[in-house]
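Notes follow once the structure below has been shown.
The values are calculated or read from the model by the stated rules, or taken from the named source; none is laboratory data. Values in this document were obtained by computation on a predicted structure and should not be read as measured data. Cβ placement follows ideal geometry from the backbone for every residue including glycine, while neighbour counts extend to all protein chains displayed.
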Amino acid sequence: MVIDKQLPGASSVAAAGVMNPVTGRRMVKSWRFDELSKFAEQTYREIENLLGGAFWYPKNILRALPTVLEENEWMRRSAFPENKGYFRENTDLGKYTGKVYPTHGWGEITGSARVGMPGLVQLFRRFLIGKKCFFEEVFDFEKISFEDGKVKYGALLFDKIVFCEGARLVSNPYFMYLPLVPTKGELLLVKIPGASFKKMLKNHLYIVPLEDGTYWVGATNHFEFKDAAPSFSDKSYLKNKLGRILKIPFEVIAHKAAIRPTVSDKRPLLGQHPKHGNLFVFNGLGTKGASMGPLFAEQMSAFLLGEKELDKEVDIGRFGH
Ligand SMILES: Cc1cc2nc3c(=O)[nH]c(=O)nc-3n(C[C@H](O)[C@H](O)[C@H](O)COP(=O)(O)OP(=O)(O)OC[C@H]3O[C@@H](n4cnc5c(N)ncnc54)[C@H](O)[C@@H]3O)c2cc1C
C-alpha cells in the first residue's frame, strides 16, 4: 500500500531526470555510474512496458568549456580508461549551431540520458490506484502504534513501513536524526520557437529538450530558504542566464520550485530504524534520483525480504542514532 500526497516541494515531479556520467568542474565520473546506469536503463524499460509509457531517453550532453583550463581538463579526462565511452571525440553542436553564444569550447558527453520522471510518477500513481493500493493523503505519524511485533497505522496492521518522503524526512519523528540537508531548486519550462534541439546542453544551466517540444531550464541551488514556493528572484536569475546562453528568443511557460533530499556525504539513506524494527527508510537520492533510484530500490526490496544486506555506503547504520 502506498500513501502519498504531492506536497509542496515534492522533487520527482519537478526534476529534469538527467543522468550525467561526468559532473562538476573537475569532470569526475559520477559515483558507480556504469552499474547504476545499466540497471536504470533496464528498469525504466521494464516500467515502460508495465505502464505503457515512454520514460527513457538516451541523449548526449553538450558541455560548455569556458576556459583553456577546462578544455585541457576535458582532454586529459577523456584519456582516462574509466571514462571510455563517455567523452565523444568530435563534438557536434547539431541544432544548437548558430543559436547559442560562443564559449571557449564545447565537449560532448555520451552515455547520458534523461528520465521522464514527472510522467513516470503520474502513470505509476494511476497504476497503483487501479490496483486499489494507493491512498492520496498526508501520512499522519500520530496514527502509528506498535503491537505484537507489527506496526499499526490507524486500524491497519503492517509488517513494515518504508518511508520514502524525500526532503520531508526532516519532519519524520523516527528518522529526523539522519543528516539530510534539503536544498531548494527552481527551474523554468520554456518554449524556444525555431530551436528543435535534440541534445541536452550544460552551460551553467541545463537546457533539456522534453518530449512535448518544450524545454526544461535549470536549476538553482539554495541551502537556505523559507518555503517551497517559486521565487521572483530565481525566476529573473534563470531568465537572465538563459538569455546569455541563447541567441534566439524564448518564452517562459512555467516556473517551478522543489526541494532535493540531499545528504551530507552525498550517499543515499537506506535501512532499518535502530529501535523500531518495523520502520524503514529509503531516501537521500539528492541530485541523482534518476540514476540511483532503480538500483537502490532493488537493493532495498531484497533487504526487506531478508535476501541481501545493504551496501555499507548507503546503510543508515553509518550514522549513529
Ligand atoms: C530543480 C530540481 C532538479 C532536479 N534535477 C534532477 C536531475 O536532472 N536528475 C536527477 O537524477 N535528479 C534530479 N533532481 C533530484 C530528484 O528530484 C530527486 O533525487 C528525487 O526525485 C527524489 O525522489 P524521492 O522519491 O526521494 O522524493 P520526492 O520525489 O520528493 O517524493 C517524496 C514524496 O513523498 C511525499 N510526502 C512526503 N511526506 C509525506 C507525508 N507525510 N504524507 C504524504 N506524502 C508525503 C511528497 O509529497 C512526495 O510526493 C532534481 C531536483 C530538483 C529540485
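Out of ILE248, ILE259, ILE253, one residue alone is among the β-branched types (Val, Ile, Thr) and either within 10 Å of the ligand (Cβ to nearest atom) or at pLDDT below 95 (or both). It is ILE259. Close contacts from segment 153-165, counting a first residue that is assigned to a loop (DSSP other than H, G, I, E, B) and a second that is more than 16 Å from the ligand (Cβ to nearest atom), with Cβ to Cβ under 8 Å and a gap of 6+ residues or different chains, come to ASP159/LYS150; ASP159/ASN278; LYS160/ASN278; LYS160/LEU304. For GLY24, the requirement of being of a type outside the set (Val, Ile, Thr), within 20 Å of THR287 (Cβ to Cβ) and at pLDDT below 95 is met. Looking across segment 39-59, the residues that are within 15 Å of the ligand (Cβ to nearest atom) and either closer than 23 Å to GLY85 by Cβ or within 14 Å of the chain's Cα centre (by Cα) (or both) come down to PHE39, ALA40, GLU41, THR43, TYR44, PHE55, TRP56, TYR57, PRO58, LYS59.
Do the conditions hold for ARG77, that is, is it without any contact (Cβ under 8 Å) to a residue 24 or more places away in the chain, more than 14 Å from the ligand (Cβ to nearest atom), closer than 27 Å to LYS266 by Cα and in a helix (DSSP H, G or I)? The answer is no for ARG77. Taking segment 309-321 as the range and being over 23 Å from the mean Cα position of the chain (by Cα), in a loop (DSSP other than H, G, I, E, B) and modelled with pLDDT of 95 or more as the test, only GLU309 passes. Of the numbered criteria (1) surrounded by fewer than 18 Cβ atoms within 10 Å (Cβ to Cβ); (2) modelled with pLDDT of 95 or more; (3) assigned to a loop (DSSP other than H, G, I, E, B), the one PHE127 fails is (3). On the stretch given as segment 166-177, residues that are touching a residue at least 60 places away in the same chain (Cβ under 8 Å) and under 14 Å from LYS275 (Cα atoms) total 3.
Taking into account only those residues within segment 134-158 that are away from the ligand (no atom under 15 Å from the Cβ) and in contact with a strand residue (DSSP E or B) (Cβ under 6 Å, 6 or more places away or on another chain), which is nearest to LEU51 (Cα to Cα)? Filtering segment 134-158 for residues that are away from the ligand (no atom under 15 Å from the Cβ) and in contact with a strand residue (DSSP E or B) (Cβ under 6 Å, 6 or more places away or on another chain), the one nearest to LEU51 (Cα to Cα) comes out as PHE158. Is at least one residue of segment 141-159 among the β-branched types (Val, Ile, Thr) and over 26 Å from the mean Cα position of the chain (by Cα)? So far as segment 141-159 goes, yes, one or more of its residues are among the β-branched types (Val, Ile, Thr) and over 26 Å from the mean Cα position of the chain (by Cα).
Filtered by the rule that a residue be of a type in the set (A, V, I, L, M) and over 17 Å from PHE33 (Cα atoms), segment 55-110 gives LEU62, ALA64, LEU65, VAL68, LEU69, MET75, ALA79, LEU93, VAL100. Screening segment 1-38 for residues that are near the ligand (Cβ under 10 Å from one of its atoms) and β-branched (Val, Ile, Thr) and picking the one that is nearest to the chain's Cα centre (by Cα) gives VAL18.
In summary, TRP106 fulfils each of the numbered conditions (1) closer than 24 Å to GLU211 by Cβ; (2) more than 16 Å from the ligand (Cβ to nearest atom) with the single exception of condition (1).
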